[in-house]
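Data block below; observations after.
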Amino acid sequence: KALQDLKKLYPGKPMIKDHERRADNQIARVFDTELIQNANKQIARGELHTELIGKAYMIRTESNKDLIAEIEGGIKKEVSTSCTPEKMICNICGTDNMKKYCRHWPGAKYVVEDGTPGGSEKRCLMLLSGAKEAWELSFVPVGAQPRAGTHKSIGFTKPVAETPETTPETET
């Protein structure tokens, strides 16, 4: 539900750098989103792996040519999102951390009672259920989600005015 909500909430939101919300820190804008499921891959909870893909545009200017080169070269790649979930449920104790904080830390391992002697080890996850608001996407040096990042040139074609010698068969 959170991914479905965010799919609707992200179009029109800005892409910025390092979560610094300043007008001159905006570098791009999300214009479309899509959800892509991988039928051959499941997440730990047994659900299909689903990616939220945000498509953003950026105007090529003299002042951002270095940033564009870093994106195209794969230097600026990692991204992070900022949103407000409806619920954020701890998978260890079931607490909704949007209402009351629990003592568990996301990513940390805890021994949980599961009927086996001494219990078993479980990694803490904060599961988002629904989303109230999407704020922005940011380029960051290290994102909280290790697999969150950019895909260069998805659906991108150069304008004919920039490359008149290019034909559709040879465009990248």
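The values are calculated or read from the model by the stated rules, or taken from the named source; none is laboratory data. From a predicted model like this one, the values you see are computed outputs, not experimental measurements. We place every Cβ from the backbone using ideal geometry, glycine too, and count neighbours over all the protein chains shown. When the accessible area is computed, the model is the full protein with side chains, heavy atoms only, and any ligands, DNA or RNA have been set aside. Shrake-Rupley method; radii C 1.70, N 1.55, O 1.52, S 1.80 Å.
What the table below lists for this structure:
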item	result
Test for ILE16: is it part of a strand (DSSP E or B), touching a residue at least 40 places away in the same chain (Cβ under 8 Å) and under 15 Å from the mean Cα position of the chain (by Cα)	yes
Conditions (1) among the hydroxyl-bearing types (Ser, Thr, Tyr); (2) touching a Phe, Trp or Tyr at 6+ places or on another chain (Cβ under 8 Å); (3) surrounded by 13 or more Cβ atoms within 10 Å (Cβ to Cβ); (4) modelled with pLDDT of 90 or more; number of the one not met by TYR57	(3)
Filter result (in a loop (DSSP other than H, G, I, E, B), at pLDDT 90 or above and among the charged types (D, E, K, R)) within region 60-93	ARG60
Residue match in region 9-19 (condition: modelled with pLDDT under 95, open to solvent by 50 Å² or more (accessible area, probe 1.4 Å) and over 17 Å from SER138 (Cα atoms))	no
Inter-residue pairs, beta-carbon under 8 Å, first farther than 19 Å from VAL30 by Cβ and in region 124-148, second of a type in the set (A, V, I, L, M) and at pLDDT below 90, 6+ apart	LEU125/ALA44
Residue tally, condition in a strand (DSSP E or B) and open to solvent by 70 Å² or more (accessible area, probe 1.4 Å), over region 21-47	9
Residue in region 105-113 that is in a loop (DSSP other than H, G, I, E, B), open to solvent by less than 40 Å² (accessible area, probe 1.4 Å) and touching a Phe, Trp or Tyr at 6+ places or on another chain (Cβ under 9 Å) present	no
Qualifying positions in region 124-148 - open to solvent by less than 30 Å² (accessible area, probe 1.4 Å) and either under 12 Å from the mean Cα position of the chain (by Cα) or at pLDDT below 90 (or both)	ALA134, GLU136, LEU137, SER138, PHE139, VAL140, GLY143
Qualifying positions in region 74-87 - under 22 Å from ASP5 (Cβ atoms) and open to solvent by 50 Å² or more (accessible area, probe 1.4 Å)	THR81, GLU86, LYS87
Conditions (1) free of Cβ contacts under 8 Å to residues at least 60 places away in the same chain; (2) crowded, with 17+ Cβ neighbours inside 10 Å; (3) over 19 Å from LYS132 (Cα atoms): number failed by ILE71	(1)
